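Q: Mind looking over this structure? Questions follow.
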Amino acid sequence: MALKQATKKKKPVKKSTVKKVSSIKVAVKTKASSRIANNKSKIAPYKTKKNEKYMSAAMKRHFIAVLLQWREHLKEEMQKTFDHLKTKGETYADPVDRASQEEEFAFELRTRDRERKLTNKIALSIEKIKQDDYGWCESCGDEIGVKRLEARPTATHCIHCKTLDEIKEKQLSG
């Protein structure tokens, strides 16, 4: 009888420890997934503190870190492309193989050209942070918003002005 009671007491203890371990694992997983919130960096999204002024010094430091890390990532990708173009610069006898290789190179170069332009926008954003103009809409002067800047750190317009610009562009183009 005493043997049965001892085994009954052990089972609930084991179950509760398993639950604690699994809840800890879940908490660790959610922290890791929130750390990689935007595809540009592994820096956690900025959490505004209560009564914090918009574009405070801490916010500016956060966005400078995001922009610098994004720029470094783009530079690494450009270097990879450069190395790839150097090593894969073989000439094929078969015209189809040569055309495929040239198409692949052209695609990579178009991508890198877009990234080069993005690098310039990143530099402009860093300069705006230094001049205390970052985070404010160029059209209306309102706050762009932390969530929008997390999604697109080089944004220069608030969501309302950007939406209006896109509507106007759609109407003009077709």
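The values are calculated or read from the model by the stated rules, or taken from the named source; none is laboratory data. Quick caveat: nothing in here was measured; it's all calculated off a predicted structure. When we count neighbours, we look across all protein chains shown, and the Cβ atoms used for this are built from the backbone with ideal geometry, even at glycine.
Q: Restricting attention to region 117-145, and to residues there that are without any contact (Cβ under 8 Å) to a residue 40 or more places away in the chain and part of a helix (DSSP H, G or I), which single residue is farthest from His62 (Cα to Cα)?
A: Checking each candidate, the answer is Lys117.
Q: Which one of these is exposed (fewer than 10 other Cβ atoms within 10 Å of the Cβ) and not assigned by TED's automatic domain parsing to the domain that holds Glu143: Thr87, Thr81?
A: Thr87
Q: How many of the residues making up region 46-58 are within 16 Å of the chain's Cα centre (by Cα) and either assigned to a helix (DSSP H, G or I) or free of Cβ contacts under 8 Å to residues at least 24 places away in the same chain (or both)?
A: 1
Q: Checking Ser100 against (1) small (Gly, Ala, Ser); (2) on the phi > 0 side of the Ramachandran plot; (3) free of Cβ contacts under 8 Å to residues at least 60 places away in the same chain, only one condition comes out false. Which one?
A: The single condition Ser100 does not satisfy is (2).
Q: Hey, another quick one. Specify which of the listed residues (Arg148, Arg110) is assigned to a helix (DSSP H, G or I), outside the structural domain of Met78 (by TED's automatic domain parsing), under 28 Å from Glu77 (Cβ atoms) and not hydrophobic (A, V, I, L, M, F, W, C).
A: Selected residue: Arg148, the only one of Arg148, Arg110 that is assigned to a helix (DSSP H, G or I), outside the structural domain of Met78 (by TED's automatic domain parsing), under 28 Å from Glu77 (Cβ atoms) and not hydrophobic (A, V, I, L, M, F, W, C).
Q: So, one more: If you scan region 118-174, which residues turn out to be closer than 18 Å to Val66 by Cβ and among the aliphatic types (A, V, I, L, M)?
A: Leu118, Ile122, Ala123, Leu124, Ile126, Ile129, Ile144, Val146, Leu149, Ala151, Ala155
Q: Name the residue, out of Ser56, Ser125, Ser100, that is touching a helix residue (DSSP H, G or I) at 6+ places or on another chain (Cβ under 9 Å) and polar (S, T, N, Q). Write out each step before concluding.
A: Details: Ser56 fails: touching a helix residue (DSSP H, G or I) at 6+ places or on another chain (Cβ under 9 Å); Ser100 fails: touching a helix residue (DSSP H, G or I) at 6+ places or on another chain (Cβ under 9 Å).
On inspection, the qualifying residue turns out to be Ser125.
Q: Output the residues belonging to region 151-174 that are part of a helix (DSSP H, G or I) and under 21 Å from Lys49 (Cα atoms).
A: Result: Ala151, single match.
Q: Just give me the residues in region 138-156 being closer than 25 Å to Ala44 by Cβ, surrounded by 13 or more Cβ atoms within 10 Å (Cβ to Cβ) and of a type outside the set (A, V, I, L, M), in sequence order.
A: Residues satisfying the conditions are Glu143, Gly145, Arg148, Glu150, Arg152, Pro153, Thr154, Thr156.
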